[in-house]
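Let me begin by presenting the structure, written as structure tokens, before commenting on it.
The values are calculated or read from the model by the stated rules, or taken from the named source; none is laboratory data. Bear in mind the structure is a predicted one, so any value in this text is a computation, not a measurement. Cβ sites come from the backbone with ideal geometry, for glycine too, and all protein chains shown count toward neighbours. Only protein heavy atoms, including side chains, enter the accessible area calculation; ligands, DNA and RNA are left aside. Shrake-Rupley method; radii C 1.70, N 1.55, O 1.52, S 1.80 Å.
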Amino acid sequence: MIIVNGDEAVVFDTPTTATASTELIDWIVHSLNCKIIAILPTHFHSDCLGGIATFHERNISSYAHKRTIEYANENIKNTPKNEFETQLELMVGGKKIIAEFFGEGHTKDNIIGYFPEEKVIFGGCLIKSLNAQKGYLGDANVKDWSSTVRKLKAKYGGARIVIPGHGKVGGIDLLDYTINLFEDN
Ligand SMILES: [Zn+2]
């Protein structure tokens, strides 16, 4: 998810490769005429973090959950620079964005993004698109997954738009779909 406000932008999750990251950064900087003030990978897998080195080369500040930095260290060797544990708030063009950890699910470090101004949740891989399968569970906590999403719904259940890590954008029904998918695990 890219949040653009005024002449500033924030990006949740890097593209997987350096080439795609360069293309994305150039598009935001040159076509949208924005300065990227932060990159926030939502968990340590390469579909969120793979392009982080490119963002660092362009002097873009990176923020991630403490565990994401820890796991990235073990796996990718290029890690976000600023850590948080529960919640992080940043201002983009004078409006607040939130990165928040609600518990384990797709991974032990998965966070979500929230933009209160437009009531948009970026669920990342914690949230499934409608009719999606469970996906890669190698690093998952399927036991906690539903309760983690329930906590997210309890706090930001008034959201209008929910963006999953893969597949189609929807509304709060994506949270319910995900809760049901992992219910009896
Ligand atoms: Zn993942």
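Per the helix-only calculation at 222 nm, which mean residue ellipticity applies to the chain, given -39500 (n - 2.57) for every DSSP H run of n ≥ 4 and division by its residues, nearest 500 deg cm²/dmol? Walk me through the numbers on the way to the answer.
Working: 6 runs with 50 residues, N = 185.
Theoretical 222 nm ellipticity from helices: -7500 deg cm²/dmol.
The solvent-accessible area of residue 88, taken with every protein chain present and a 1.4 Å probe, is close to 30 Å².
Relative contact order, percent, of the chain when contacts are C-alpha pairs under 8 Å separated by at least 6 residues?
On the way: 403 pairs, mean separation 30.2, N = 185.
Here the relative contact order equals 16 percent.
What the Cα atoms of the stretch 6-107 give is an Rg and a Dmax of 13.1, 37 Å.
Restriction of the chymotrypsin sites (Phe, Trp or Tyr not before Pro) in the stretch 62-164 to DSSP coil positions whose beta-carbon has at most 13 other beta-carbons within 10 angstrom yields 136. Taking amide hydrogens as placed 1.01 Å from N in the peptide plane, the amide H of residue 107 sits under 5 Å from those of 141, each at least 5 positions away in sequence or on another chain. Taking θ as phi - 60° and the Karplus parameters 6.51, -1.76 and 1.60, the scalar couplings of the stretch 149-166 work out to 5, 4, 5, 4, 5, 4, 8, 10, x, x, 5, 8, 10, 10, 9, x, x, 9 Hz in sequence order, x denoting glycine and proline. Of all DSSP-defined beta bridges confined to the chain, some 60% are antiparallel rather than parallel.
With R₀ fixed at 25 Å, the C-beta to C-beta distance from residue 169 to residue 78 puts the FRET efficiency at about 0.30. Phi angles of the stretch 29-45 translate, via the Karplus equation with coefficients 6.51, -1.76, 1.60 and θ = phi - 60°, into HN-Hα couplings of 6, 8, 8, 8, 6, 10, 8, 7, 8, 7, 10, 10, x, 8, 6, 7, 5 Hz per residue; Gly and Pro are given as x.
Here the dipole of the chain is about 280 debye; that uses its Cα centre as origin and unit charges on the Cβ of Lys and Arg (positive) and Asp and Glu (negative).
Send over the Kirkwood Rh of the stretch 98-147, from the inverse of the averaged 1/r over different Cα pairs, rounded to one decimal Å. Could you put the intermediate results ahead of the total?
Values: mean 1/r = 0.0866 Å⁻¹.
Value: 11.5 Å, from the Cα pair sum.
Of the residues 124, 167, 105, the one that moves most in a GNM of the chain with alpha-carbon contacts below 10 Å is 167. A cut-off of 5 Å between modelled amide H atoms, ignoring neighbours fewer than 5 places along the same chain, links residue 8 with 35, 93. Convex hull of alpha carbon positions in the chain: directionally averaged projected area 9.5 nm².
Under a 5 Å amide H cut-off, with hydrogens placed 1.01 Å from N, residue 61 pairs with 39 among residues at least 5 apart or on other chains. Segment residue 4..residue 118, full-extension length gain: 39.9 nm, with 0.36 nm per residue of separation and the alpha-carbon distance subtracted.
Which pairs in the list 35/95; 96/151; 66/95; 35/108 are over 26 Å apart, alpha-carbon to alpha-carbon? Numbers along the way, then the final one.
On the way: 35/95 15 Å; 96/151 21 Å; 66/95 24 Å; 35/108 31 Å.
From 35/95; 96/151; 66/95; 35/108, over 26 Å: 35/108.
Only loop residues by DSSP count here, and only those with at most 12 other Cβ atoms within 10 Å; note down the GluC sites (Glu not before Pro) in the stretch 81-118 that meet that. Hits after loop and neighbour filter: 85.
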